[in-house]
1. Look at B:V246 and say whether it is in a helix (DSSP H, G or I) and modelled with pLDDT of 95 or more.
2. If you go through the stretch B:39-71, how many residues are on the phi < 0 side of the Ramachandran plot, free of Cβ contacts under 8 Å to residues at least 12 places away in the same chain and either crowded, with 17+ Cβ neighbours inside 10 Å or outside any helix (DSSP H, G or I) (or both)?
3. Answer with yes or no whether A:I384 is closer than 25 Å to C:G347 by Cβ and more than 10 Å from chain C (Cβ to nearest Cβ).
4. Can you find a residue that is outside the structural domain of D:Y148 (by TED's automatic domain parsing), of a type in the set (A, V, I, L, M, F, W, C) and in contact (Cβ under 8 Å) with a residue 60 or more places away in the chain anywhere in the stretch D:214-230?
5. Return the pair list, or none, for Cβ contacts closer than 7 Å from residues in the stretch D:256-282 that are over 13 Å from D:G339 (Cβ atoms) and more than 9 Å from chain A (Cβ to nearest Cβ) to residues that are in a helix (DSSP H, G or I) and of a type in the set (D, E, K, R), at least 6 apart or on different chains.
6. Out of the helices (runs of 4 or more DSSP H) lying entirely within the stretch B:345-392, which hold 2 or more residues that are outside the structural domain of B:E129 (by TED's automatic domain parsing) and within 18 Å of B:I247 (Cβ to Cβ)?
7. Take C:L82 and decide whether it is in contact (Cβ under 8 Å) with a residue 24 or more places away in the chain, at positive phi and not charged (D, E, K, R).
8. Given the criterion touching a strand residue (DSSP E or B) at 6+ places or on another chain (Cβ under 6 Å), within 19 Å of A:F91 (Cβ to Cβ), of a type in the set (D, E, K, R) and away from chain B (no Cβ under 14 Å), identify the matching residue among A:R219, A:R225, A:R244, A:R249.
Amino acid sequence: MDISFSDEEVAFRDQVRDFFKQAPVAEVTALIAQPDTYKEGTVRWQKHLFAQGWIAPTWPIEHGGAGWTPTQMHIFETERVAASAPDVLPFGLKMVGPVIYTYGTEQQKQRFLPRILASDDWWCQGYSEPGAGSDLASLKTRAELDGDHYVVNGSKTWTTGAHHADWIFCLVRTSTEGRPQQGISFLLIDMTSPGVTVRPIPTINGEHSLNEVFFDNVRVPVENRIGDENKGWTYAKSLLAHERTVIARVADSKRRLEKLRQYALKETEGGQVMAQDPVFRSRFSDIEAELMALEYTGLRVLAAQASGQGPGAESSLLKIKGTEVQQAIHELTIDLAGPYGGIINDSLTSGDIGHEFGDQARKDYMYGRATTIYGGSNEIQKNITAKHVLGL
Amino acid sequence: MDISFSDEEVAFRDQVRDFFKQAPVAEVTALIAQPDTYKEGTVRWQKHLFAQGWIAPTWPIEHGGAGWTPTQMHIFETERVAASAPDVLPFGLKMVGPVIYTYGTEQQKQRFLPRILASDDWWCQGYSEPGAGSDLASLKTRAELDGDHYVVNGSKTWTTGAHHADWIFCLVRTSTEGRPQQGISFLLIDMTSPGVTVRPIPTINGEHSLNEVFFDNVRVPVENRIGDENKGWTYAKSLLAHERTVIARVADSKRRLEKLRQYALKETEGGQVMAQDPVFRSRFSDIEAELMALEYTGLRVLAAQASGQGPGAESSLLKIKGTEVQQAIHELTIDLAGPYGGIINDSLTSGDIGHEFGDQARKDYMYGRATTIYGGSNEIQKNITAKHVLGL
Amino acid sequence: MHFNLSEEQAMLQASTARFIDQQYSFEVREKDVRLPEGFNRDTWATFAELGWLSVPISEAGGGFGGNAADTMVLMEELGKGLVASPYIPTVMLFGSLVDIGAPEALKHSLLEPLIAGQLQGAFAYQERQSRYNLADIKTAATREGEGYVLNGEKALVMNGAAADRLVVAARTSGEQFDTAGISLFVIDANATGVHKTAYRLMDGQLAANIRFENLSVTSDQLLGDEGDGYSLIEKVVNSTVLALCAEALGIMNKLTDITQEYTKARKQFGAPISSFQVLQHRMVDMFMACEQSRSLLYRTVCSVGTSDADRSLHALKYMIGRNGRMVGNEAIQLHGGMGITDELEVGHYVKRLMVINTLFGDADHHQQKLAQISLPT
Amino acid sequence: MHFNLSEEQAMLQASTARFIDQQYSFEVREKDVRLPEGFNRDTWATFAELGWLSVPISEAGGGFGGNAADTMVLMEELGKGLVASPYIPTVMLFGSLVDIGAPEALKHSLLEPLIAGQLQGAFAYQERQSRYNLADIKTAATREGEGYVLNGEKALVMNGAAADRLVVAARTSGEQFDTAGISLFVIDANATGVHKTAYRLMDGQLAANIRFENLSVTSDQLLGDEGDGYSLIEKVVNSTVLALCAEALGIMNKLTDITQEYTKARKQFGAPISSFQVLQHRMVDMFMACEQSRSLLYRTVCSVGTSDADRSLHALKYMIGRNGRMVGNEAIQLHGGMGITDELEVGHYVKRLMVINTLFGDADHHQQKLAQISLPT
C-alpha cells in the first residue's frame, strides 16, 4: 500500500510539467474551440507531441511509441489536465493504431502507422449502426468479396469527426453464419472512395461532431482487411475495455470540479456567494467524495495494469462511475449558472450577455448526456458486471 | 377541481373529531404499547368503535357496516391520525370480512361476520409461504378432500399476530392442474384445530409480531371453504389492490413528519437546533414535498373511487411512494437521534438513558424495512405498473 | 371533493389539443421557433382568435377572468405540443401586471390590443447579478420633475426582442436587496434610450438584455403605487410559476409517452428494449414522477388563496424542477444515441424543460424556500 | 505505486480470516454477543494470544507499532466476521490515549495488562447533549488541592459496563463548546463516586451512561497537559474512525456477498431471483458502492500524515455512512421477508453497520465537514 513515486518517476513528472509549460497550449486551444479551425488546431497540437516523441506514449518503442509504464501514462495525463492541454484524438492513436500493430500485416504497419503518428491521416470509427447500438454484434453493413476487393454496402452512425476523416475503420459483416459475432471482419476504408457519403447529425448542444456514414457499393481492397476474415470481433473487442477506462476521464473531472468551485466563489445570490449556499455545498461535497474515491479506483486499476493485469471487468465500474461524476458536475455547473444556464451566446461575448460560463455549461450538460450512452451504455456495463464480475 | 367538503361532510368531521376527543385513546395506546397487554388494548379499542357503530365503516349497512363514502372514510382516517388513535387490525375487518360478505354463503355470513364486528374472533392471514413470497401463486400448502373435510398440510409464514389468533384465512392448493392460480382455494381454519402449530419469528427490531404457522394433517370442514373450490385466487386478489392503498399510510406519515419536525426543534448540536442544520433541512423538505404530493395522489384515488372507479393499478403507485416516504421519515428520524439512534431502552426509561425518541426511531426504522417488501414488494408493484398501466 | 374539469375547462383543453394535433406538428414548431423572433406571428393570431390570450385577464380588464385551473389546463396542453410562443411574457407577466396595476385608461389601451394579438409585451425584472432574487434590483428610476429618469440594465428579458411594451422593475428608493422601494413602469420598448441585445435561449425562444440610458418616464406610466411594486411582482410571478409548472408537466408527460413508444419500437438483442426489466422500472419511475408532480400541481391550484398556497407553490416548483430533470435525463438515456440528436423531438422537449427550471427559481432554490416555511430560521 | 499488502499485513489478514472461519461462526457470535458484557472473555483472550491487541500500540508502549494499513487489515476482517468485541473502546480509544498521553509508569502499568487481555478500557467523551460535537463537554474537573474533583455525566460510553479503567474527558477551563480547556483523566471505573447505567446498543454490544459524583482524581491520572486534551482526542478519534470504516467495509462486502448467494439460491417465478435484471443491477450498485468505499479507504490510509488526511477521512466516513446504508437497505430488501427476521445473519450485519454510522459523526455530519474544507465559510 504505497502511492509514492520513485525518483525516476518524479524526474519524469518534472520533465512533463516543463514540457506543458513551454507548449503552445493557449494557442492551439483557441484554434480547437472554433469549428472552422478545429482540425487545424488539433493537428498542430498532435504534431507538437509527435515532435517530442510523446504522441503515442504507450505504443511499443519498435512501432514509434515511447513504451511508457501505466504510471508514467498516469503522470502524463495528470500534468496534461493540470495544464489544461488538449487530449489527442483517440481514433488513430488509441484505437486503430494498436489494432494494426497487434494484428496487422507488416505491409499494413508500414503503410498506416507512420501517418497515424504524424497525424497525417485523420481516422474515425465505424462500429455503431442505426439498428446496432448496445447490441453491436447485430451490425448489418455487409462486405461481399468480388475478386480482390470487398464491396461494402450499409451505413454507420454516431461517427465522431467523419466529416474531417481520411480513413474509417469499420466492422462489417462478411458472413451471416453462426453467432452474430462470428461473421464480422475489420476493414480499413479510404473515405475518398467512391460511394462513401457523410451526413452530419446535429446534436442537442447545437454543435456538429457526429455523422452518419453511408457506403454504396464501396470497393475496398482485400489488403485493407485486418487479420482474418470473420475474426474482426476479436480485434475490436480488445479495444472496448480500454475505451471504457479512457471515458472515465477522472483527471478531467478533477479540473472541472475545481473550476466549478472557483465559479461558486464568485457567483452570488442576494449578495452571498453560492459557495455558501447549503444545497450547493451538499451537492458539491457529494461529487467531491465520489471523485476522490474514483481517483483511487483509477489508481487501483492502473496498479493492476502495471503488475500485468487488466484492464478487465473493473473497467465497467470506472466507466459507470466516471460518467456519473461527469454528469453530476455538468448538472451542478448548469445549476450554478442559474438563469444563465439556458442561454446561447452565439456570436455575442460573455460580457455582452452578462455571464461567464452559462453557455459552456449548457453545451457540456447537453453533450454530456452522451457519456452514459456511448462506449457501451451504462446499462450494458451493469449487465457485463453482473455477469462477468458477480457471476449472476 | 374542488377539494372542499359539503356541509354534511363538515358536520360529519366535527362528529368524528368529537368522538376521538372523548375516546379512551391514551389508555388503550398505553396497553397496546406493551407486549403483555397488546391484545387486551386492541380488543378494547375495537369494541369501543363497535359500540359507536364505526368498527366497519365501509361495510354495507346490511352486514353491520356504516356504509360510508370514500370521502367520509378519508375524513375519519385523517381525524383518527390527528388524534393519534390506533388503527383497527385489518385481517378480520378489512380482509376476510369483505371476502365473506361478498363471496360467502348465508351461513358463513351469520357465523363469522358478527364475531368479526364485535372483535370476538382474532383473525390472521395465511397467504405467504417460505417458498412463495413475491410469487404468491406458487404456494404449496395442500388441502386434500377426505369426505366432508379437507386435510391440510404445509406451512404459512410472515403471519402477523398468529400467536393471538382464533382463526386464519388461508390460500391452499386443491389442484395442481392448469396455471398455478387455478388450483387455489380459500379456507377458513380454526387455529385450535389439532395439527396447527405456531412458531414465532423474531424480527430485526427485536419484537415479536410475525410467525410461521404449520399445518400437520389439519382437518377443516368443507363448509369453511369460501366460494368454489379452485377459485380462491379470484377472491384473494380482490383484496390486494385495497391492501396497497392501506399500506401507503399517508395520514400516518404526516403525523410522523410533524413529530420529526418537533424533535428537530429540540435536538441540538453545538448549541444549534438541528432544524437549522442544512442537510437536515434538505432531507426534510424533500420528504415534505413528496408527502404533500402523495396526499393529493391519495385524494385523487379516493375521488376516483367515490365516482365508482378503482382502486386499480394506481394503487401500486400509492404503495411504492407511500412506503418510500415512510422509510425516508424513518431514516431521517434515526439520523436526527444521532448517537442515540443505536440504543435499546429495554426496561430503562428515556430519562435514564438521556434521549426521548432514539429507541423508538430504531424500532421504526428496522421494522419499516418490511414496508417495501410486504403487500407485494415494491419491485413487484413496478412490474405490475409496467405491464398493466404502461402496457410495456 | 373531485378533480374533474369544468365544462369550460374541458372545452379549452379539447380546443388546445385539437390545435396542436391539426396545426402544430413538431415540424411546424421547429420552423416557428427558428424565426427571427422565436415564434410565428400567425400562430399568435390564431391564439387570439381561439380566445387564449384573454384566459387569465380579468373581466374588468376585458378578459375571460380565468382562474388557476383554467391557466393550468391551457398551459399543460401547450407544453405537450411544445408550442413556441410568448404566452408567458406577454400574457402571464406583462398582461397580468397591467391588469392588476395599471390605471383604467392605460389598462384598456394595452389589454385590448394584447388580447387581440396585436401587442407583444415583456417584463424586465432581473439583472445580471440577480440570479433568483426578485428584489435584487439596481436599475434606478430617479425622480425628475413630474416624472422619472431610468438608468440601468435588465437581463434575460423573455420576449424582450419582440416586445412593443415593457414593464420595468426599477428602484425608486431603498437598497439593492430591499423589497420596498421597487416601482414598476410601462415603457415603450422602442423609445430612445432603450438599447436591446437579443439572444436565444436553448429552447429557441428569444431573450434580451435591455439597457436604459436616461430614459424619461412619466408618472402615469407607473403600475400600482411608487415603491410598492414588489407585492405586484410576487402576485404575478406566483401565478406565472403555476402556469410554467403546468407547461412542464405537459412536457414531462409527453416525454414519458414518447419514451415508452420508442422503447417498444426499438429492438436490440432480438427484443424490444421495453421488454428489459431495468428499463421498465425506470419508465415506471418516470410515470410516478409525473403522477406525483400532477398531484402537487392540483394541490397548488386548489390552494390558491389559502394558507397552503406558498408552501404548495414552492414544493411544486421544487418537484417539477427535480422530477423534470429526472424525466428529461431518462428520456434521453432511454432513447440512446437518438436521444442526443437534434433531429428527434425528445431533446427539444428536454431543453424547454431545462429553461423552465431556470425561470423564477430552480429546484434547489424552491426547496430552500419550502424549508424556510416549515423550519423557519 | 501499488496497493498490495506487506508480508506482515498479509499474515495478519490470513490469521484473522482463519480465526473467523474456524472459531467464530455466526452461531458463536450470536452466543457471545448475548453474554452479559456483550462479548466473550475467552474470545478476548484469544485476541491477546494472536497478538491483535498490540497492533496499534506503539513499540514504546510495548505494542506492535502498527500503522493505519495494519489496523485496516485487522478491522476489515473483524467486520466480515461480525466479531463482537470491545476492540474499538479498549484498544483503539483507551489504549491509544494512554499510549500517547500517559506518563511512562502509568502507561506501562495499563498497557501491559491491556495487551495481555487482562484489562478492559473505555473512553468517556460524549454527553447527553453532545451529539457529534467532541468539544461539547460540561463534565467538570475542578481543581482541589493537588488534584481535581470530577462531577457530571457521560453518555453512551462504549464498553462502559465492562471497563476496568476509563479515560474521562472533563472540562478544567473554558466554556461548554470550547476545544481549549478539556483535560483527560484515567480513572478506576469501580471507584466510589462512579455510577453506571448500562444498556445495549442495537448491535448487541453494551454501552453505559456514567455519572461522576465528587470523584477525586490526582494529577498523575492526567493524560497529556491540563486543558490540552482536545488534540489527543482528535488524533485518537481520527485513527479510530479509520478503523471503524475498515470494519464497515468488511461488513458491506459480506452483505454484498451473502445477498448474491441468497438471490442465486432463492427461486421465484421458476427462476433464481438473481436472474432478474433489476436485481442484478442493484447488486452491481452494491458492488460499486463497496469498491468506491474501498478506494476511499485506501486513499485515507495512504494520506495519513499528509495534507489530504482530514479531507480524505471526512469523505470516507461520509461515504461509508451513505453507501453502508444503501448496501444494508438493499441487502434486506433483496432478502425479502427473510431480511427482516433476526434468524438470518443479514440483519445483524446491518445493525452493526448502523451503529458504526452513529459513532463519531454520521454521513450528514462528515459531509458538512468535508464541505467546510473545500468551501470554507
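1. Values: in a helix (DSSP H, G or I): yes; modelled with pLDDT of 95 or more: no.
It is false that B:V246 is in a helix (DSSP H, G or I) and modelled with pLDDT of 95 or more.
2. At the first step, the residues of the stretch B:39-71 found to be on the phi < 0 side of the Ramachandran plot are B:39-52, B:54-63, B:65-66, B:68-71.
Now drop any that are not free of Cβ contacts under 8 Å to residues at least 12 places away in the same chain, which leaves B:40, B:51, B:61-62, B:65, B:68.
Then drop every residue that is not either crowded, with 17+ Cβ neighbours inside 10 Å or outside any helix (DSSP H, G or I) (or both), which leaves B:65, B:68.
Number satisfying all stated conditions: 2.
3. Details: closer than 25 Å to C:G347 by Cβ: no; more than 10 Å from chain C (Cβ to nearest Cβ): yes.
Criteria not met by A:I384.
4. Taking every residue of the stretch D:214-230 in turn, none turns out to be outside the structural domain of D:Y148 (by TED's automatic domain parsing), of a type in the set (A, V, I, L, M, F, W, C) and in contact (Cβ under 8 Å) with a residue 60 or more places away in the chain.
5. Close Cβ pairs satisfying both conditions: D:V278/B:E379; D:R282/D:E330.
6. Details: elements: B:350-353, B:358-368, B:378-384.
Filter on the stretch B:345-392 gives B:358-368, B:378-384.
7. Working: in contact (Cβ under 8 Å) with a residue 24 or more places away in the chain: yes; at positive phi: yes; not charged (D, E, K, R): yes.
For C:L82, the condition - in contact (Cβ under 8 Å) with a residue 24 or more places away in the chain, at positive phi and not charged (D, E, K, R) - is met.
8. Numbers: A:R219 fails: within 19 Å of A:F91 (Cβ to Cβ); A:R244 fails: touching a strand residue (DSSP E or B) at 6+ places or on another chain (Cβ under 6 Å); A:R249 fails: touching a strand residue (DSSP E or B) at 6+ places or on another chain (Cβ under 6 Å).
After applying the criteria, what remains is A:R225.
The values are calculated or read from the model by the stated rules, or taken from the named source; none is laboratory data. Because the structure is predicted, anything quoted here is derived from the model rather than measured. With ideal geometry, Cβ positions are generated from the backbone for all residues, glycine too; neighbour counts draw on all protein chains shown.
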